[in-house]
Each structure stands twice: as C-alpha cells, then as structure tokens.
Amino acid sequence: MAEVVLRPMTAADADRVLTIYQAGLDGGQASFEIVAPTWAAFDAGRLPAHRLVAVDEAGAVLGWVAVSPTSTRPVYAGVVEHSVYVDPAAQGRGVARLLLDGLIASTEAAGIWTIQSAVFPENTASLTLHSRAGFRVVGVRERVARHHGRWRDVTLLERRSPVVD
C-alpha cells in the first residue's frame, strides 16, 4: 500500500470531503442523511480542532473524520460524536483505522473523554472497525427513524478515554 498520512482538514479539501461523504450516503449504510451538506453547513456543524483527512503520496484525499459537539451545555464539553468516511476505492486499506486513531489522539490531547457514534447494524465493517479501535456497544435504538422508506435501527457506540479523567 502506498503511504497514507493524516493532516488537518482545510476548506481546500471541501469538494473531496463532500464527494466522499456523498459516496458513503449513496451506499445506504452510512447515515440517515441522503444528501451531503454544503461546505458551510459541514463547517458550522463540526469542531475545527478535530477534523482530519487521510491523503496518499500524491496528496489525494482518501477519507476524513470529524466530530460534532453532542451538547452546548458545558458539562458535556468532553463528549463528541464522530463521523468517518473513506472513498470506496480506498476501503480495506486501513484508512479508516488510521483516521480513527488520529481522532482519538487529537481528542484525548484536548481533554475529550468520550467519542460516540451511531452505526446501522448492517454496517458490520464499521462495527468491527470501531470495536478494534476500543469502542463498545452501548445499546441499540430500534426503529429510530425511516431511511429510504423503511424503519432502521442504530447501534450506539462509545469510546471512553482511558487517559482523560
């Protein structure tokens, strides 16, 4: 595999990030969303300090990870929800794990103690990835929302930092 490195996401990455996001949405197993947001909406909804892209040796963006606050209440400042997306052509090469590991390092350095996510139970690759990165299943929300005309469940995951107390 060619070398893949992480770097901070910038506005110059917007087109590639949103294209990868849309590809994930088109696959039907990534989110209840159907259309990727505008860059302005993406930018407004995610914490700037914890946005990373994985790039190949040529500088092409292969995937991204970002977090959103779970609440505006100060007591939840150490809890974030994350999303990780990889270009379908780069899947199976360890890109998502590299992104998650980078996110964990970034959030722990900032004192964030919990990263959470909700994953469709059918997305077994994502569930396996998260388990290997130290996430645990908290529970399942059954029939939480409709997606493409049918009810979907989501598996709730969290990773509690062993170093942030």
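The values are calculated or read from the model by the stated rules, or taken from the named source; none is laboratory data. Bear in mind that the values here come from a model prediction, so they are computed numbers and not experimental data. Cβ placement follows ideal geometry from the backbone for every residue including glycine, while neighbour counts extend to all protein chains displayed. For accessibility, only protein heavy atoms count, side chains too; no ligands or nucleic acids. Shrake-Rupley method; radii C 1.70, N 1.55, O 1.52, S 1.80 Å.
Just to be sure, is Ala2 farther than 23 Å from Leu127 by Cα and in contact (Cβ under 8 Å) with a residue 12 or more places away in the chain? Lay out the reasoning, then the answer.
Numbers: farther than 23 Å from Leu127 by Cα: yes; in contact (Cβ under 8 Å) with a residue 12 or more places away in the chain: yes.
When the stated conditions are applied, Ala2 passes them.
Pick out the one residue from Ile34, Ile20, Ile104, Ile112 that is touching a strand residue (DSSP E or B) at 6+ places or on another chain (Cβ under 8 Å) and assigned to a loop (DSSP other than H, G, I, E, B). Full working, then the answer.
Values: Ile34 fails: touching a strand residue (DSSP E or B) at 6+ places or on another chain (Cβ under 8 Å); Ile20 fails: assigned to a loop (DSSP other than H, G, I, E, B); Ile104 fails: assigned to a loop (DSSP other than H, G, I, E, B).
None of the others qualify; the one that does is Ile112.
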Check: Does Gly59 satisfy being at positive phi, open to solvent by 70 Å² or more (accessible area, probe 1.4 Å) and either under 9 Å from the mean Cα position of the chain (by Cα) or not hydroxyl-bearing (Ser, Thr, Tyr) (or both)?
Finding: no
Check: Which condition breaks for Pro74 when tested against (1) touching a helix residue (DSSP H, G or I) at 6+ places or on another chain (Cβ under 9 Å); (2) open to solvent by 10 Å² or more (accessible area, probe 1.4 Å)?
Finding: (1)
Note to self: Can you find a residue that is in contact with a Leu (Cβ under 8 Å, 6 or more places away or on another chain) and of a type in the set (Lys, Arg) anywhere in region 7-17?
What the structure shows: yes
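For every residue, the table says whether it meets (1) under 22 Å from Asp101 (Cα atoms); (2) open to solvent by 60 Å² or more (accessible area, probe 1.4 Å); (3) free of Cβ contacts under 8 Å to residues at least 60 places away in the same chain.
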site: Arg7; (1), (2), (3): yes, yes, yes
site: Asp13; (1), (2), (3): yes, no, yes
site: Ala30; (1), (2), (3): yes, no, no
site: Glu33; (1), (2), (3): no, yes, yes
Margin query: List the residue pairs whose Cβ atoms are under 7 Å apart, where the first residue sits in region 136-165 and is within 15 Å of Gln29 (Cα to Cα), the second is open to solvent by 60 Å² or more (accessible area, probe 1.4 Å) and modelled with pLDDT under 95, and the two are 6 or more positions apart or on different chains.
Written below: Ala145/Phe32; His147/Phe32
